[in-house]
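Here's the structure, in structure tokens; my notes come after.
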Amino acid sequence: MKILVCISNVPDTTSKINFVESDTKFDTQGVQFIINPNDEFGLTRAVWLQQKQQAEVTVLTVGDISCEPILRKCLAIGADKAIRVDATATDGFFVAKQIASVCEKGSYDLVIAGRESIDHNGSMVPGLVAGMLEYEYITNCISLEVENGQAIAAREIDGGKEIVTSELPLVLGAQKGLVEESDLIIPNMRGIMQARKKPLDVIPPIDAVASSKVTSFEKPAAKGAVKLVDAEDIDTLIDLLHNEAKVI
Amino acid sequence: MAVLTYTESENGSFKKSAFEVASYGKALADQTGQKLVAVTFNQEDGSALSAYGVDLVVNITGGFSETFSAKKFAAAIAQVASEKEVNLVVISSSANSKYLAPLLAVKLTAAYTSNVVALPSSTEPLTLKRSCYTSKAFSTVTSNQPINIIGLSSNAFGIIETQSTPEQTSMTTDEASSSMVVSSVEKVTGTITIADADIVVSGGRGLKGPENWHLVEELASILGAATACSKPVSDMGWRPHSEHVGQTGKPVASNLYIAIGVSGAIQHLAGINSCKVKVVINIDPEAPFFKAADYGIVGDAFDVLPKLIEKLKTFKAA
Ligand SMILES: Cc1cc2nc3c(=O)[nH]c(=O)nc-3n(C[C@H](O)[C@H](O)[C@H](O)COP(=O)(O)OP(=O)(O)OC[C@H]3O[C@@H](n4cnc5c(N)ncnc54)[C@H](O)[C@@H]3O)c2cc1C
């Protein structure tokens, strides 16, 4: 079984979100980049399949050289090899085109990507890849088993979950639940040393045009100060919620 | 040309999000001088959509229309969209709509913009404001495609009534082939989901243990609210994962969010930025949540909650 895990390089969850160049670019100053959390859940599940079912795990990112540290981290976590498509990830459509092209050449049985990235929140890359390749597709995936060339997976739905079976090749949108937070693999020294020797191929992008462009960013309007209500004066809270905020 | 909206229904009745996407679709149709087409699946009675300005309801029938399949539904919507020469598609942010949107985008060679929070500021080229960085920022996005799918953030536009007398038709579309089979569905019934709720009551580690959640549940039931929790609470198994709210959990965009014993870590707040009104109850006046909240009570949850429950019962009964 060959698995491709798509990795997005995103600002750490505690990062201050600011913009520069007249609010057209994200301010990376002082920001630490991490593996997109949804992708990391997918990667961990893939590494388990490698350990228990001899799967081969390739990680892929579309980005410039600044993304290489997180690819090395993925290798240290356990991926066998890495591919970097040397291009700026302009939009979800462009990224999906690049991933689809790598898939066509590599014939992967499973393609895993986070259900969404925590920076752009586009929630479209895995679905676009599935659509382009006409592979089966399950997103918000919270469990996965692969047996005899068939996948059995659970998808989180509003208010519950749904169990599905599907043939391969299959594209998965990963999220927490696929593995637990406590299952995430922290690379050890041996893993880090091995990662240095594992292949990291840099390939040029294929021709593709983005379908959209971000022209500017803005931050939400500053919020007024909190109105504190005394713990003994619940009536006032109810009155404020009813008459002022009009939410109850 | 026309605007199309996918109006979801379940067990014969429309979801609240269907009325919101129809309301937005109507405003968009007016903005672009076009008609509004609503697509439904296995929903014989589309008359409820007459309150939201829909001009035509196309109900897709046939065996596959009874069970949601992202691939089959996307193919069917694409078929209607091509027949009606649709250039703008509006879908909700429900799990199912977000699932099928990228598949539909590929079928229609359309651009897809998710988490949209307002009507376009321009329609040529289509320019949309959407939330990003898990609600910590907004971006303005310009599309260069002639066909566009707009994924509307829940509760961002609201429901606006406009009477119309829609023509109702049914249609059998080609069934897309798929090897995927849904073998079972587990769904809690009788409780409101976070996605549909107007009010969400959320508990954090400050509630000390799962045995105390009856307080959260009782408060939620009086308010007709959904229950939610912080990440450690779901990690420790006090509450199901489906209730985990925040950057790595679910986003919430309700009218009211009440957080009890939640400190207000940046990753938690990221998930609830879109809630209209936030209330915090926390024993620690220094808890970061007070900076993000509209109303707050500094106090012990075990003192405050029983009182709040009693007072709200009286309020609701009045
Ligand atoms: C990569 C990453 C992703 C994360 N994603 C998320 C996420 O999606 N969602 C999320 O929630 N967290 C997330 N976190 C965790 C987050 O940083 C916090 O640790 C978490 O939100 C804290 O949960 P809490 O507020 O329930 O607990 P605590 O921080 O322990 O806070 C408990 C609060 O309860 C109050 N309290 C105690 N006793 C009482 C009482 N008797 N009455 C009233 N108040 C009381 C305390 O004053 C305190 O403020 C993430 C962290 C990381 C590193």
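Just so you know, the Cα atoms of the range B:2-172 work out to an Rg and Dmax of 14.6, 43 Å. Ligands, DNA and RNA aside, B:ASP303 has an accessible area near 90 Å² when probed at 1.4 Å. Diagonalising the gyration tensor over the Cα atoms of chain B and scaling each eigenvalue by 5 before taking the square root yields semi-axes of 38, 21, 19 Å, largest first.
Projected onto their three principal axes, the Cα atoms of the range B:113-193 cover extents of 42, 35, 35 Å, largest first. Over chain A, dividing the summed -39,500 (n - 2.57) contributions of all DSSP H runs of at least 4 residues by the number of residues returns a 222 nm mean residue ellipticity of -8000 deg cm²/dmol.
With only the Cα atoms considered, the range B:248-318 has a convex hull volume of 93 Å³ per residue. Projected over all directions and averaged, the alpha-carbon convex hull of the range B:235-288 occupies 3.9 nm². Dimensions of the range A:2-219 along the principal axes, based on C-alpha atoms and rounded to the nearest Å, stand at 54, 40, 36, largest first.
Here the accessible area of the range A:2-219 is 50 percent carbon and sulfur, with a 1.4 angstrom probe and all protein chains present. From the cross-link list B:LYS136/B:LYS291; B:LYS250/B:LYS276; B:LYS250/B:LYS278; A:LYS223/B:LYS291; A:LYS16/A:LYS213; A:LYS219/B:LYS250, which pairs have alpha carbons spaced over 18 Å apart? Violating the 18 Å Cα-Cα cut-off are A:LYS16/A:LYS213; A:LYS219/B:LYS250.
How would the range A:88-173 be classified by its alpha-carbon gyration tensor: rounded, prolate or oblate, with rounded meaning a/c under 1.5 and the a/b versus b/c comparison settling the rest? Oblate, since a/c reaches 1.5 and b/c is not below a/b. GNM on chain B, alpha-carbon springs under 10 angstrom: the most fluctuating residue among B:ASN155, B:ASN11, B:ASN282 is B:ASN11. Given a 1.4 Å probe and the protein chains as shown, A:GLU136 ends up with an accessible area of around 20 Å². Think of each Lys and Arg Cβ as +1 and each Asp and Glu Cβ as -1; about the Cα centre, that makes the dipole of the protein assembly as shown roughly 1100 debye. Each Lys and Arg contributes +1 and each Asp and Glu -1, all at the Cβ; summed about the Cα centre of chain A, the dipole is approximately 1040 debye. Check which residues have an amide H placed less than 5 Å from B:GLN168's amide H, if you skip close sequence neighbours. It is B:VAL57, by chain and number. Gyration tensor analysis over the Cα atoms of the range A:149-248 returns equivalent ellipsoid semi-axes of 46, 25, 22 Å (largest first, whole Å). Highest average first, the peptides B:27-33, A:200-206 ordered by how many other beta carbon atoms sit within 10 Å of their residues are B:27-33, A:200-206. Spatially, the range B:34-76 and the range A:91-148 are offset by 27 Å when compared through their Cα centroids.
Using the 1.4 Å probe convention, the accessible area of the protein assembly as shown works out to 41 Å² per residue with neighbouring protein chains retained. Taken as Cα centroids, the range B:240-269 and the range A:182-216 sit 30 Å apart, rounded to the nearest whole angstrom.
The translational diffusion coefficient of the range B:166-220, from Stokes-Einstein at 10 °C and 1.306 mPa s with a Kirkwood hydrodynamic radius over alpha carbon pairs, comes to 97 µm²/s.
Calculated [222 nm] ellipticity per residue, helices only, for chain B: -8500 deg cm²/dmol; basis is -39500 (n - 2.57) per DSSP H run with n ≥ 4, divided by all residues, nearest 500. Computed from phi, the 3J(HN,Hα) profile of the range B:57-66 under the Karplus parametrisation 6.51, -1.76, 1.60 (θ = phi - 60°) reads 10, 10, 9, 8, 10, x, x, 5, 5, 7 Hz, with x in place of Gly and Pro. Panel note: contact residues of the range A:222-238 (accessible area lowered by at least 10 Å² against the chain on its own; 1.4 Å probe) correspond to A:LYS223, A:VAL226, A:LYS227, A:LEU228, A:VAL229, A:ALA231, A:GLU232, A:ILE234, A:ASP235, A:LEU237, A:ILE238.
Here chain B is treated with +1 on each Lys and Arg Cβ and -1 on each Asp and Glu Cβ, and its dipole about the Cα centre works out to around 720 debye.
Taking amide H as placed 1.01 Å from N in the peptide plane, the amide H of B:GLU10 sits under 5 Å from that of B:LYS15, each at least 5 places away or on another chain.
Our summary of shape: the Cα atoms of the protein assembly as shown have principal axis extents of 67, 64, 51 Å, ordered from largest down, in whole angstrom. From the Cα gyration tensor of the range B:199-317, with a ≥ b ≥ c the square roots of its eigenvalues, which class applies: rounded if a/c is under 1.5, or else prolate if a/b is larger than b/c, or else oblate? Rounded is the answer for the range B:199-317, as its axis ratio a/c remains below 1.5. The residue among A:ASN148, A:GLY160, A:GLN50 whose Cα reaches farthest toward the positive pole of the charge dipole of the range A:2-219, with charges on the beta-carbon of Lys, Arg, Asp and Glu, is A:GLN50. The aspartates and glutamates within cross-link reach of B:LYS71, meaning a Cα-to-Cα straight distance under 13 Å and a gap of 8 or more places when in the same chain, are A:GLU134, A:GLU136, B:ASP174, B:GLU175. When the range B:199-317 is described by a simple charge dipole with +1 on each Lys and Arg Cβ and -1 on each Asp and Glu Cβ, the residue from B:SER234, B:SER254, B:ALA287 located farthest towards its positive end is B:SER254.
The values are calculated or read from the model by the stated rules, or taken from the named source; none is laboratory data. Because the structure is a prediction, the values reported are computed rather than measured. Positions of Cβ are generated from backbone atoms using ideal geometry, with glycine treated the same way; all protein chains shown enter the neighbour counts. For accessibility, only protein heavy atoms count, side chains too; no ligands or nucleic acids. Shrake-Rupley method; radii C 1.70, N 1.55, O 1.52, S 1.80 Å.
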